[in-house]
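Bear in mind that the values in this text are calculations on the coordinates, not laboratory data. Note that the coordinates shown come from a computational prediction; the quantities given were computed from them, not determined experimentally. Here the Cβ positions follow ideal geometry from the backbone for every residue, glycine too, while neighbour counts run over all protein chains shown.
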Amino acid sequence: MHVKIKAVWQTVRQLSGDDAYERYLQHYAQYHQRHAEGACHPALTKADFFKQWQDEKWTGVKRCC
Amino acid sequence: MNSITKNAIWLLVAILGAAAVGGIALNRGEHINALWFITAALCVYALAYRFYAAWIAATVLMVDDTRATPAERLDNGRDFMPTNKWVVFGHHFAAIAGPGPLVGPTLAAQFGYLPGTLWILFGAVLGGCVQDMVTLFISTRRDARSLGQMARDEIGRIGGTAALIGTFTIMIILIAVLGLVVVNAMKHSPWATFTVSATIPIAMLVGIYMRFLRPGCVLEASLIGVVLLLLSVGAGGWIDTNPSLRGWFDHDSLPLAFAVMAYGLAAAIFPVWLLLAPRDYLSTYMKLGTITLLAVAIILLRPDVKMPAITPFIDGTGPIFGGKLFPFVFITIACGAISGFHALIASGTTPKLLSNERDIVMIGYGGMLLESFVAIMAMVAATVLDPGVFFAINSSAGIVGADAADAVAKISSWGYPVTVEQMQNLARQMGEATLFARTGGAPSLAVGMASIFGSAFGESMLALWYHFAIMFEAIFILTTLDAGTRVGRFMLQDMLGNIWPKMGETSWLPSVVLTSAIVVMGWGYFLYIGVIDPNGGVNILWPLFGIANQMLAAIALSVATGILVKSGKLRFAWITGTPLLWLVIITSTAAWQKLFSDDVRIGFLAGANDLANKLALGTLPVDKAAAAPKLIFNLHLDAGITLFFICLLWLIVFDMLRMCMRYVAGKPVLPLTESPYVLTQLAEEQVGH
């Protein structure tokens, strides 16, 4: 039961983009450091990431009739 | 479960579905329960999803769950990102479901409940869902490219340009008609005007909260916003009873229309984080929440549908919009049955998140099924009202007369009895001064929803429910208005950038202000004409929007059909070819009638001539005579736009057919642009957690 509630909560967070930064960090840890050995740019701060994420989310047709 | 049990269950679903559809279709004279609509819809959806959609995916498209999707191959941790399928479904549905499926069925209810309901059900499972799913599929196979790009790559330059121009014009018409819906809902209603205005500072507050106070804390900020929105509905009631404050929010249509335009301009210029993004969060929550609530209420309450199955207005004399059942029911209900706009989301946006091709059925086909279900609920909410009340709310003063006694006499003479006291009582219950001639669909839907919610959750709060419903519609209409103006601005900047590169810079303020102003003037003009039109404007703008949206669907289906033929699947090309043929027939017929019908309420040119004659003879009342020259010009303009849409449609269909014929004859055509196969590395449990 507890696990189920947690899974639903995860989905809600993911749907709303609440956990976008955490997922970005995961992606960063997985790809950037492994390949670039520190030569890569450092991970963005939460505020900076959120700015870019929000702006990207709103270019192009995102809402319908 | 063994296969015999499974087959037995599907057989039962089929029998139940057939009984429900048959019951709805054959019922005459007696009130039918709304639960039959829900049952019919769910059975039809289940069967279509299980058999037709699955067959298309497996046999026609041959979706391949071992093939890496663009989200996996191009993963950048931001816009391209393999995502849990339920999350993608949520995003996709939130993006495709706008106010369209709520307004269209409400207007089409003038033909009775049956024509609209059948079109919503069968148009969706055979047309709209197929369009969305196939578009999602072909875009997924092409690195998540947009519809316009795919049209250019696969059919030719003409298709690409047509898709671009089509999108731009449809946006202008759509925003104008939606703006009109909001204006009509706020007209002389201090309560509604306050609540709708309050959504703007609330959205800004939420925007500032998630940008600066607690960056990225989306859920927290949204929760605060939702609570404030609900409080603003209550506060509106208080404003309404406060004699000194209510004057601030009590306005005629025209100043409200200008306010909407000013708002649209500001929203397109402001950074997205301040208004657009937070408002979108709020509208998405309100939308999902209210739709769920409506479904629960209909199931709990099982209201009787009071509208007859078919009204005499199928002959084209309807008070809400002119035109016969064929083709106008198919034009009026675009979203909910088939909507070309969805193809813009299904290409370009959703494929960037899709983690596995096998989810295309659930997201593409299933997402549209859910939208169709929303349309069915809107139909229920419109038809549970007494038909007399429904027509009194939705008929413009130009048709039934501005005087309440005249209006009820006229509506009762059609066989739908209604009295002035009944309308006054209803208006008082809903916290409004009057409910006569509140065209546009939003007020009647809100009355319908309020009466359903009221009986399910307590009669005493009818006015609150009514204004909650108005706020719920207005908030995501305004989101479409913001987002649409912004998209229009980007497109215009892109086009002008070809002439003078500086104009193409999306961050150069003079260009931003200029292009936003041009887009706002574009839809603002139609909104203005709609407001000054004594016949309500909706009767002109909504069919125009329907034609434009169906034209965009025809473009998407042409691209899909062309790709199917080029992929050597000519014998399956009917899955998109048949809906395409149907759209070409209805759109062409509707356009022909809108251009050349002798009926002044249908034909733009006939309407313009009639008005010009009356003006010349001096038979128009003074106020109508003043507006007449503008209306005459506008009718000619509308005729021109209709002609343009239909030429665009035929152009792209012919271009597609030309390409198909060349392919069949073995002549060279543009090559398929499908990206090569890459084996997926994603394991199921890696996605989305």
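Below are the figures for this structure:
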read-out: Dipole magnitude of the protein assembly as shown, debye to nearest 20 (Cβ charges: Lys/Arg +1, Asp/Glu -1, about Cα centre); value: 1140
read-out: Computed E for B:C217/B:L245 - FRET, C-beta separation, R0 45 angstrom, nearest 0.05; value: 0.85
read-out: Segments B:341-353, B:224-236 sorted - mean Cβ within 10 Å per residue, highest first; value: B:341-353, B:224-236
read-out: Segment B:A259-B:R73, length gained on full extension (0.36 nm per residue, minus Cα span); value: 62.3 nm
read-out: Two-site FRET efficiency, B:N425 against B:A58, from Cβ-Cβ distance with R₀ of 56 Å, rounded to 0.05; value: 0.50
read-out: Over 12 Å [Cα-Cα, segment B:150-193], rounded percent; value: 68
read-out: Estimated 222 nm signal from helices in chain A, with DSSP H stretches of n ≥ 4 weighted -39500 (n - 2.57), rounded to 500; value: -17500 deg cm²/dmol
read-out: Shape call, the protein assembly as shown: gyration tensor on alpha carbons, a/c limit 1.5; value: rounded
read-out: Per DSSP, loop chymotrypsin sites (Phe, Trp or Tyr not before Pro) in segment B:617-689 with at most 16 further Cβ within 10 Å; value: B:Y677
read-out: In nm, spacing of pseudo-spin labels at A:Q10 and B:I518 (7 Å Cα→C-beta vector); value: 4.9
read-out: Two-decimal ratio, segment A:2-58, of alpha-carbon radius of gyration to 2.2 N^0.38 Å; value: 1.35
read-out: Dipole-positive endmost among B:T135, B:A627, B:A405 within chain B (Cβ charges, Cα centre); value: B:T135
read-out: Average other protein chain Cβ within 10 Å of Cβ, residues B:513-526; value: 0
read-out: Where Rh is the Kirkwood radius over Cα pairs, Rg/Rh for chain B; value: 0.95
read-out: Extension gain (nm, one decimal) between B:F457 and B:F654, 0.36 nm per residue minus Cα-Cα; value: 65.5 nm
read-out: Dipole of segment A:2-58, positive end: most advanced residue of A:P42, A:W9, A:A20 [Cβ charges, Cα centre]; value: A:W9
read-out: Residue mean of other protein chain beta carbons inside 10 Å, B:45-57; value: 0
read-out: 10 Å Cβ neighbours from other chains, averaged over peptide B:3-15; value: 0
